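Read through the structure below, which is laid out as structure tokens, and then see the notes.
Values quoted throughout were computed directly from the atomic coordinates according to the rules given, and no laboratory measurement underlies them. Just so it is clear, the structure is predicted and the values come from calculations on it, not from any experiment. Because the Cβ atoms are built from the backbone with ideal geometry, glycine has one as well, and the counts that use them run over all protein chains shown.
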Amino acid sequence: LEELNVREYGGGKNADRLGKLKNVRVMKLDSVIDAIYDIKLLSENLPKLKGLYMYQAEIENPEYLTELSELTELSYYPSVTDDDGYISADQSFTPDFSRLAALKKLYIFGNYGDYSFLKELRNVDSISVKVDNAQRDQLDDIFACPNVTELEIYGCASDDPDLSGISALNNLRKLDIHVSSLDFARISEVSSLEELNVREYGGGKNADRL
């Protein structure tokens with residue numbers, strides 16, 4: 001068994017029994033009512049894990065995520081459910097992603113504000129992150145990743161986010177960006193770009209700028 005998809009009920013009680021599945025290299029944790037996944041037990045039992053994918057998964061002991069030092073792919077979407085049953089990204093703790101030096105693909109759901117750790121991840125070639133109305137410092141941190149070939153930026157609700165510096169991504173081939181308005185002149189500075197996907201907020205203002 002190399003890939004394990006987990007949808008647990010009642011508290012994620014199977015985590016301490018994963019030691020019997022030594023060959024598992026990819027694990028997917030899905031959102032299920034009353035399931036809580038213990039990252040500490042996961043790191044102890046599957047230290048050779050290569051891929052970890054979360055989708056609205058409630059977790060505990062997130063500080064042990066960095067013990068999974070062989071991860072090459074991470075989709076990080078821990079969630080919290082309020083009294084009304086509304087699910088949102090749990091940002092109460094930010095792992096030190098820079099310690100996951102083997103990462104090649106990183107997808108983060110929720111706005112963690114400081115993305116300076118990205119430049120420490122020299123092997124990452126695919127990133128998906130949210131920015132807070134296209135804050136300049138967040139974008140600078142993202143554009144400091146010269147090895148990135150695929151990038152998704154979402155959360156840019158402001159008009160014309162400042163994309164100066166994006167030309168530093170001289171290996172970028174695919175860009176997905178969620179914006180209300182976009183400066184295509186800046187995008188054209190990325191000579192390596194092969195595919196551009198623009199998802200618009202607020203009325204499709206970009207159509208007359210093509």
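The stretch between residue 48 and residue 5, if pulled fully straight at 0.36 nm per residue, gains 13.8 nm over its current Cα-Cα span.
Computed from the C-beta positions of residue 60 and residue 122, the FRET efficiency with R₀ = 41 Å rounds to 0.85.
About its Cα centre, region 76-147 has a charge dipole of approximately 520 debye under the convention of +1 per Lys or Arg Cβ and -1 per Asp or Glu Cβ, with nothing else charged.
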